[in-house]
Amino acid sequence: MLTDGKSKKMCKKGEFEMDREKIEQGVRLLLEGMGENINREGLVETPSRVARMFEEIYGGLTKDPAQHLKKTFTASNNEMVLEKDIFFYSTCEHHLLPFYGKTHIAYIPDGKVVGLSKLARTVEVFARRPQIQEQMTVQIANALMEHLQPRGVMVVIEAEHMCMTMRGVKKPGSKTVSYVCRGCMQDDEIKINRVFQMIKQ
């Protein structure tokens, strides 16, 4: 969540909201810096459009994952749960270009489970921020351990980064895979390999 008092505003619901006016000013400066005419027909409303878009694609900055993980259900089955192929879009914080792909979440419950849609919503909280894939993987795993308190968690993310395909080395189709294990999943090669096998099925 946002912590800089100078960069956040409070809305009626008590949540933080983005400063749309500042975003619009920034977009105008960016376009001018590129040499564009901000008064031409195609760009007149662009700052406003971008500001509205930012409220959507960076909405995770103002969200707390706890809201999706606090409601749980008693479960006597403490075997592994895997939700795979959770598609996401995020933005690389280094170049502000998209990266996108799939997140796979496996956890071993300790007497309680969470609704499956809540796992996908948790991914969205962290994806809808300026991010790096490695940190996003850690954040999801840590949030699950903290709020769901399972015996163990494994998060796998595979994504394509436009900062590698549009610019720089320009290698379209290349994917980055990251994974993080917590609790009883950590250093357990049998469980880790089982998750990867289930993902491939």
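The values are calculated or read from the model by the stated rules, or taken from the named source; none is laboratory data. Remember, predicted model here, so these are calculated numbers, not experimental data. Every residue, glycine as well, gets a Cβ built from its backbone with ideal geometry; the counts of neighbours run over all protein chains shown. Areas reflect the complete protein model, heavy atoms only, side chains present, ligands, DNA and RNA absent. Shrake-Rupley method; radii C 1.70, N 1.55, O 1.52, S 1.80 Å.
Annotation note: of 154, 164, 145, 136, the sole residue that is among the hydrophobic types (A, V, I, L, M, F, W, C), at pLDDT below 95 and either in contact with a Phe, Trp or Tyr (Cβ under 9 Å, 6 or more places away or on another chain) or closer than 17 Å to residue 182 by Cβ (or both) is 164.
Close contacts from the stretch 104-121, counting a first residue that is closer than 16 Å to residue 155 by Cβ and touching a residue at least 60 places away in the same chain (Cβ under 8 Å) and a second that is part of a strand (DSSP E or B) and not aliphatic (A, V, I, L, M), with Cβ to Cβ under 6 Å and a gap of 6+ residues or different chains, come to 104/84; 108/152.
Scanning the stretch 65-103 for residues that are touching a Pro at 6+ places or on another chain (Cβ under 6 Å) and closer than 17 Å to residue 154 by Cα turns up just one, 78.
So that you can scan it fast, the table gives a plain yes or no per residue for (1) of a type in the set (A, V, I, L, M, F, W, C); (2) closer than 22 Å to residue 59 by Cβ; (3) out of contact with any Lys or Arg (no Cβ under 8 Å at 6 or more places or on another chain):
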| site | (1), (2), (3) |
| --- | --- |
| 121 | no, yes, yes |
| 127 | yes, yes, yes |
| 131 | no, yes, yes |
| 146 | no, yes, yes |
| 193 | no, no, yes |
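Please verify whether the stretch 29-38 includes one or more residues that are in contact with a Phe, Trp or Tyr (Cβ under 6 Å, 6 or more places away or on another chain) and surrounded by 12 or more Cβ atoms within 10 Å (Cβ to Cβ). No, the stretch 29-38 has no match at all.
Residue 6: assigned to a helix (DSSP H, G or I), charged (D, E, K, R), open to solvent by 40 Å² or more (accessible area, probe 1.4 Å) and modelled with pLDDT of 95 or more, yes or no? Answer is no for this residue.
Filtered by the rule that a residue be more than 23 Å from residue 128 (Cβ to Cβ) and open to solvent by less than 40 Å² (accessible area, probe 1.4 Å), the stretch 47-76 gives a lone residue, 75. What's the number of the only condition in (1) over 24 Å from residue 201 (Cα atoms); (2) modelled with pLDDT of 95 or more that residue 112 fails to meet? Evaluating residue 112 over (1) over 24 Å from residue 201 (Cα atoms); (2) modelled with pLDDT of 95 or more leaves (2) as the failure. Taken as a whole, the condition of being at pLDDT 95 or above, within 30 Å of residue 115 (Cβ to Cβ) and among the basic types (Lys, Arg) does not apply to residue 40. Among the conditions (1) open to solvent by 50 Å² or more (accessible area, probe 1.4 Å); (2) over 18 Å from residue 140 (Cβ atoms), the only one that residue 186 does not satisfy is (2). Under the condition of being of a type outside the set (Phe, Trp, Tyr), open to solvent by 70 Å² or more (accessible area, probe 1.4 Å) and at negative phi, the residues counted in the stretch 77-97 number 5. For the stretch 91-133, the set of residues classified as of a type in the set (A, V, I, L, M, F, W, C), under 14 Å from residue 162 (Cβ atoms) and more than 13 Å from the chain's Cα centre (by Cα) consists of 96, 97, listed by residue number.
Selection of helices (runs of 4 or more DSSP H) fully inside the stretch 98-171 by the criterion of at least 2 residues being crowded, with 21+ Cβ neighbours inside 10 Å returns 116-127, 133-147.
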